[in-house]
Structure formats: structure tokens, C-alpha cells
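Here the structure comes first, spelled out in C-alpha cells, and everything after it is commentary.
Please treat every number below as a calculation from the coordinates, not as lab data. As the structure is a prediction and not an experimental result, all values here were calculated from the model. Here Cβ is always computed from backbone atoms with ideal geometry, including for glycine, and neighbour counts include all displayed protein chains.
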Amino acid sequence: MKRKQLESYLQDVEQFSEPKIDLEQYPTDAHLAATTLYTIATSYGDIEGQHVLDLGAGCGVLSIGCVMLGAVMVTAVEIDDDAVADLKTNIDDFEIDNIDVIKGDVRQLPHLLSPVYDTVITNPPFGTKNNEGIDMDFLDVGLKLLKNGGSVYSFHKSSTRDYIMKRCHSNGYAASVISEMKFLIPKMYKIHKQENVYVNVDFIRISTDSALPVR
């Protein structure tokens, strides 16, 4: 599947019906989703034939995109009831049967799941307001649930790049910024003054296949 075709399909994924600011729920637009997933699939071979874990899946645009690019199975984890309902509706609308939805807190997953995933994908909350540090919590959980040789792909504010790179490298992981992108924050909540705001985000790959011994 070509990237533009993938993007066209993902434009039909319905977004949050009841978005919640305390969960930092913002839609991942189809262009960003298609571009990043296509890169994962074609540059790294980490989607086709793989078992993928999507942390903080929201309405499922990344999960659905993974299936379209050939993932064997996707496990989509989301904490919010309304988002889970939206996600299941999208799965039904796309007539997909290989996405397993788990309703729960990502931070509790190491107690529930085993490290059986080839690839972990996450677009976590940025960790603003009352969620400070949650982006790193998602990243840590993703790394715990990887198979040996697996990779985590994650989005983080570019302003946190140095901290994330240092933390990953100090723990023995091979980490690199694949690209710096613009993440669209549309006017969704009462606190928003502008119609659209673009936030600089890093699209990061953290891999265990080149990991150094952890000291």
C-alpha cells in the first residue's frame, strides 16, 4: 500500500466523540499517522507480520493503520470509556478482526501482559498540566513489554529530546530521532484561544536490538 492511499483510508477514522482535556486527548491527524507508520513499515520492517502494541490508542488511527500495513495482530490499550467505544466503532466500520482492545491504565500493563510484542507504538500525553512525566511512563512500559530485538516508536515534544535521549542511552537502549514533525492541536477546549496550534514533536525509535549492557 502506498503512503497516500493509507492516508486516504485513515481520514475516515472517526475521532473523539467526547474528548477530555485532563487526558490530553487530541486527534492524531491522518497525514502524520500515515507518514510515521509508512516509515516504520518501509524503513525498518517493524509492522508487516509483526505483533504490535498501541499504548494510549485513542480512537485507533495508529492501530488501524498498522493492520492496513500488514500487522499480524494489534493490541490497542486505552483508558477512557468513550474513546474505547469510538475505537470499537472504528474497528467495526473498517471490518477489522485482528485488533484486540484492552480498556485499562497503560501504567498497570506490566502486571497484566508479558513481553511478547515485536513493536510498540505510542502517541502518549505530553505530560502537561496534571500529567507530568506520563509520557516517560508510557515509554518505560513499552520497553518492558517488548520482545528481545523489538522497537518502540513514540512521539514526544522536541523540547524534551535531550532528556529522552540521555535517559534511553544511559539505560542501554539505542535511541534516535527519526524526524521532527508538526503536531496539530486544534481548537477543541474552552481554554484554547487560537483555531490551530502546531507543536514541534520528535518521532523517536528506541530499539533493543543494538542495546548495550545496562549498568
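State the volume of the convex hull built on the alpha-carbon positions of the range 1-57, expressed per residue in Å³ and rounded to an integer. Please report the intermediate quantities before stating the final value.
Values: hull volume 5.3 nm³, N = 57.
With only Cα atoms used, the range 1-57 gives 93 Å³ per residue.
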Just subtract the alpha-carbon distance of Asn98 and Tyr44 from 0.36 nm times their residue separation and send over the number in nm, one decimal. 17.3 nm
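Rounded to the nearest 0.05, what FRET efficiency is calculated for Ala85 and Arg107 with R0 set to 22 Å and r the Cβ-Cβ distance?
0.50
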Before rounding to the nearest 500, sum -39500 (n - 2.57) across all DSSP H runs of length at least 4 in the chain and divide by the residue total; then give [θ] at 222 nm in deg cm²/dmol. -9000 deg cm²/dmol
Simple label model, 7 Å out from Cα along Cβ direction - Ser17 to Met73, nm: 2.8 nm
Could you give the length gained on full extension between Lys157 and Lys193, defined as 0.36 nm per residue of separation minus the Cα-Cα distance, in nm? 10.9 nm
Here are labelled values, (1) 0.95; (2) 1.55; (3) 1.18, and one is the computed Cα Rg over 2.2 N^0.38 Å for what I pasted. Which one? (1)
Using only Cα atoms, locate the centre of the range 96-160 and the centre of the range 1-68, then give the distance between them in Å, rounded to an integer. 14 Å
About its Cα centre, the chain carries a charge dipole, from +1 on Lys and Arg Cβ atoms and -1 on Asp and Glu Cβ atoms, whose size in debye to the nearest 20 is 940 debye
Any aspartates and glutamates with Cα under 13 Å of the Lys88 Cα? List them, leaving off those in the same chain fewer than 8 positions away. Glu14, Glu78, Asp80, Asp97, Asp100
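Count neighbours as other Cβ atoms within 10 Å of each site's Cβ, and list the trypsin sites (Lys or Arg not before Pro) in the range 110-171 that are DSSP loop with at most 16 such neighbours.
Details: sites: Lys129, Lys144, Lys147, Lys157, Arg161, Lys166, Arg167; in loops: Lys129.
Those that pass, being in a loop and sparsely packed, are Lys129.
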